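Asker: Here it is, the structure in full.
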Amino acid sequence: MPIATTEIISLEDARNRYAALIAGISDLDEFKARGNAYALSDDDQALYDDLMELEYLIGD
């Protein structure tokens with residue numbers, strides 16, 4: 001069983017990470033829809049999960 005790792009980041013750092021991740025996505029809405037439907041590759045699904053976590057932390 002994997003061990004969860006807690007990372008403490010500032011709001012500014014979360015916003016910067018979010019901006020860096022979405023910079024490489026051509027159509028964010030389509031990407032999110034595919035991620036929500038689990039229709040992404042493993043790597044893209046991991047990216048989607050990171051995006052959703054950052055949106056939650058940022059409050060978007």
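The values are calculated or read from the model by the stated rules, or taken from the named source; none is laboratory data. Fair warning: this is a prediction, and the values are worked out from it, not measured in the lab. No Cβ is skipped: glycine too gets one built from the backbone with ideal geometry, and neighbour counts run over all protein chains shown.
Asker: So residue 60 clears everything in (1) under 18 Å from residue 9 (Cα atoms); (2) part of a helix (DSSP H, G or I) except one condition, right? Which one?
Answerer: (2)
Asker: Considering each residue of region 33-42, count those that are part of a helix (DSSP H, G or I) and aliphatic (A, V, I, L, M), and give that number.
Answerer: The qualifying residues number 1.
Asker: Can you pull out the residues in region 9-37 that are modelled with pLDDT under 95 and over 17 Å from residue 54 (Cα atoms)?
Answerer: Scanning region 9-37 gives a single hit, 26.
Asker: Now for a different question. List, please: which pairs have Cβ atoms under 9 Å, are six or more places apart or on different chains, and start with a residue in region 6-20 that is over 18 Å from residue 32 (Cα atoms) and end with one that is exposed (fewer than 10 other Cβ atoms within 10 Å of the Cβ) and among the polar types (S, T, N, Q)?
Answerer: none
Asker: Another question, if that's okay. Could you give me the residue pairs with C-beta distances under 6 Å whose first residue belongs to region 45-60 and is modelled with pLDDT of 95 or more, whose second residue is exposed (fewer than 13 other Cβ atoms within 10 Å of the Cβ) wherever it lies, and which are 6+ apart or on separate chains?
Answerer: Pairs that qualify, where the first residue is modelled with pLDDT of 95 or more and the partner is exposed (fewer than 13 other Cβ atoms within 10 Å of the Cβ): there are none.
Asker: Which of (1) surrounded by 14 or more Cβ atoms within 10 Å (Cβ to Cβ); (2) modelled with pLDDT under 95 does residue 6 not meet, given it meets every other one?
Answerer: (1)
Listed here are the residues, each with its yes/no results for (1) in a helix (DSSP H, G or I); (2) surrounded by fewer than 10 Cβ atoms within 10 Å (Cβ to Cβ).
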residue: 2; (1), (2): no, yes
residue: 13; (1), (2): yes, no
residue: 19; (1), (2): yes, no
residue: 25; (1), (2): no, no
residue: 31; (1), (2): yes, no
residue: 44; (1), (2): yes, no
residue: 47; (1), (2): yes, no
residue: 50; (1), (2): yes, no
